[in-house]
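Note sheet for the following structure.
Derivation of every value follows stated rules applied to the coordinates shown; laboratory data play no part. If you're wondering where the values come from, they're calculated on a predicted model, not measured in any experiment. No Cβ is skipped: glycine too gets one built from the backbone with ideal geometry, and neighbour counts run over all protein chains shown.
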Amino acid sequence: MSRILNLIGRGRLTLVKDDKDVQRLQISEGNTGSDEGESLTDDIAMIGLFGLSSNAPEKTEVVLLRLGGDRSQTIAIGANHRPSRPTNLAPGDTMLYRAKDSARGAYIWLKDGMLQIDAAAGDVMVQNAATVTVKASTKVRLETPTVETTGDFVSRCDGTSVSLNALRDAYHLHKHTGGTISGNTGTTDHDV
């Protein structure tokens, strides 16, 4: 009977070792022993979802499954950190989030009619992509004081393309000689 009662357990995360192909946890199951103290179990494998990896903060609640009710054959199958878990999501919403100082940090929120990304004042980087394409039916709006590029900016790239670098170079080569321009005579040069 005790093996059946021991099939499923709950504990709190105290330590994570995340340097191997399977994450290993130390779990406190508090008040489980006869001395009513906490029971620490080391080297519990965390079995997560494919394609998703996380390192939960200390004191995260963990659901434990004990194969055959044997405490020495324990695996962790779920985790929840209450202080950082997003709440009040609408039915059908999904959020990928990060804990930050016991509160929600950065997140990606898939909600009805919108994908919302909040970097929580951090940086966002897309890297190692051959091409990044953003398709918007109306417009792309950037609310920022500066837009930078390390290369050229090309307009109408699928038609008669125009390079901003080529326009700037043509502007630099363009000179007016002779005549009067704004009351001045001679060669007029300009710089951008």
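So here's what we get for this one:
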{"quantity": "Charge dipole magnitude, Cβ of K and R +1, D and E -1 - region 1-136, Cα centre, debye nearest 20", "calculated": "340"}
{"quantity": "Tail fraction, Cα-Cα pairs, region 14-144, threshold 19 Å, whole percent", "calculated": "65"}
{"quantity": "Förster-model FRET efficiency, 25 Å R0, Val124 and Glu58, C-beta, rounded to 0.05", "calculated": "0.40"}
{"quantity": "Built amide H within the under 5 Å cut-off of Thr60, gap 5+", "calculated": "Leu13"}
